[in-house]
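Here's the structure, in structure tokens; my notes come after.
The values are calculated or read from the model by the stated rules, or taken from the named source; none is laboratory data. In this text, all values refer to a predicted model and were calculated from it rather than measured experimentally. Please note: Cβ atoms are built from the backbone with ideal geometry, for glycine as well, and neighbour counts cover all protein chains shown. Ligands, DNA and RNA are excluded from the accessible area calculation, which covers all protein heavy atoms including side chains. Shrake-Rupley method; radii C 1.70, N 1.55, O 1.52, S 1.80 Å.
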Amino acid sequence: MKWILTVIAFFCAGIAVGLSGAVPDAWLTSDVSTIILYILIIQVGLGIGMSDSIGKIFKSLDLSALLVPVATVAGSLAFAALLSVVLNGFSATECMALGSGFGYYSLSSVLISEIKEPIAGVQKAAELGMLALLANIFRELIAIGLAPYLSNKFGRLSTVSAAGVTSMDVLLPTIVRYSGKETVPAALINGIVLEILTPILVCYFASL
């Protein structure tokens, strides 16, 4: 919870600085956001490549563990597409781009803003970037808050699916607490697969 509040605080601070006019014009017209985007993508690769447990994880693969990320992707995209009916002004593909973040708020928000700006304009791109950030933050909060209910009602792996990308790091202690240590391999595999898929799917749906 403290981590989420810190993220929200920095987000609000960024809005305040932007409204104050203190940001140099060069930052707004240069490739600063693109550079940040590339750094985030490099970080994804480094995080996966430097993990000591990747070999052990893939050796312990079983069908149920592999189906978790498949179910997570399918459920997230289906729910996002349905939201387009409620969210006026946003297409199904735009909503699916938001849903493709799978809880990875920092990368997905920057990616969507960067890709949509030349397609839909600065204002629409900023709106989608903000929605991506908030949607993925709220996903993490809901996954934490509903973990006991999900585990009891829908089974231990439901907490892994709800956590999305964060099942391998931020929410892993919560998953272990309510679903048991047996879910750790599935949680790690789910997080790694979704972290790889996030930039691919976000780029695909945002560019449509």
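Observations on the structure shown:
- FRET efficiency estimate (nearest 0.05) - Cβ-Cβ, residue 204 to residue 169, R0 25 angstrom: 0.50
- The candidates 205, 79, 102, arranged from most to least accessible area with a 1.4 Å probe in the full protein assembly, appear as 79, 205, 102.
- For the range 121-169, the solvent-accessible area works out to 47 Å² per residue, with a probe of 1.4 Å and every protein chain left in place.
- Measuring only protein heavy atoms, the 1.4 Å probe finds residue 124 accessible over about 50 Å².
- One chain, two ends: residue 19 and residue 196. Fully extended at 0.36 nm per residue, the span grows by 60.3 nm beyond their Cα-Cα distance.
- Packing here is the average count of other Cβ atoms within 10 Å per residue, and on that basis the peptides 142-149, 156-163, 15-22, highest first, run 156-163, 142-149, 15-22.
- Largest first, the residues 82, 128, 141 sort by 1.4 Å accessible area into 82, 141, 128.
- Extension gain for residue 32-residue 82 works out to 14.6 nm (0.36 nm per residue, less the C-alpha to C-alpha distance).
- Percent accessible area from carbon and sulfur atoms, the range 110-192, protein chains only, probe 1.4 Å: 64
- Here's the picture: charge each Lys and Arg Cβ at +1 and each Asp and Glu Cβ at -1 in the range 89-208, and of 134, 161, 93 the one pushed furthest to the positive end of that dipole is 161.
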